[in-house]
Amino acid sequence: MLRHATGFRRETSQLKLHPLLVAAGVLFAAGCGVESKPATEDIFIWQPLGSWTGRGSQQTESFIGETGSLRVRWETRNETSPGRGTFQVTVHSAISGRPLAVAGEARGVDHDMSYINEDPRVFYLVVDSADLEWSVAVEEGLAVTASKVQSKPHPTGR
């Protein structure tokens, strides 16, 4: 009988250890198992493709638009004779040479921004201008995934 009682106690103590072993295994797996991924978000950024300045008409060198999503910023200034300055910037295909879109047009001093959506390709700009100075910048829109910056709580008081 003594052996049976001792055997019973062992089974009872093994049953008490079993939940502890399971809990230790869960904690070990949580600490050493799957890595957590940092928080991310999809954002849209504008990457510069080129910028040009001048007076009079000009054709730019070609540039590659890998997404076809273009933002064209332009500005005119220093008109030589008020009311006589003209400006137009057109986006062209560098493959066929055909005009794709008028990105900006003005009489006199002005500025603006336009968005052009085309198939990805090689582009160039044609600026038709008289009696003023101009500047044009082209950027390409890119969708990227970035890590979220997690702010830390600021301590209050001293």
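The values are calculated or read from the model by the stated rules, or taken from the named source; none is laboratory data. In this text, all values refer to a predicted model and were calculated from it rather than measured experimentally. Using ideal geometry, Cβ is built from the backbone for each residue, glycine included, and neighbour counts are taken over all protein chains shown.
Within the range 53-62, the set of residues being closer than 16 Å to GLU140 by Cβ and either under 19 Å from the mean Cα position of the chain (by Cα) or of a type in the set (Val, Ile, Thr) (or both) comprises THR60 only.
Looking only at residues of the range 108-140 that are touching a residue at least 60 places away in the same chain (Cβ under 8 Å) and aromatic (Phe, Trp, Tyr), we find that the one that is nearest to GLY83 (Cα to Cα) is TRP134. For the range 108-125, the criterion of being loosely packed, with under 15 Cβ neighbours inside 10 Å and polar (S, T, N, Q) is met by at least one residue. For the range 36-55, taking the residues that are under 15 Å from LYS148 (Cβ atoms) and among the hydroxyl-bearing types (Ser, Thr, Tyr), the one that is modelled with the highest pLDDT is identified as THR40.
When we screen ASP119, ASP110, ASP128 for residues that are within 26 Å of the chain's Cα centre (by Cα), at pLDDT 95 or above, over 30 Å from SER147 (Cβ atoms) and not β-branched (Val, Ile, Thr), the only hit is ASP119. In the condition set (1) in contact with a Phe, Trp or Tyr (Cβ under 6 Å, 6 or more places away or on another chain); (2) exposed (fewer than 14 other Cβ atoms within 10 Å of the Cβ), LYS148 is compliant with all but (1).
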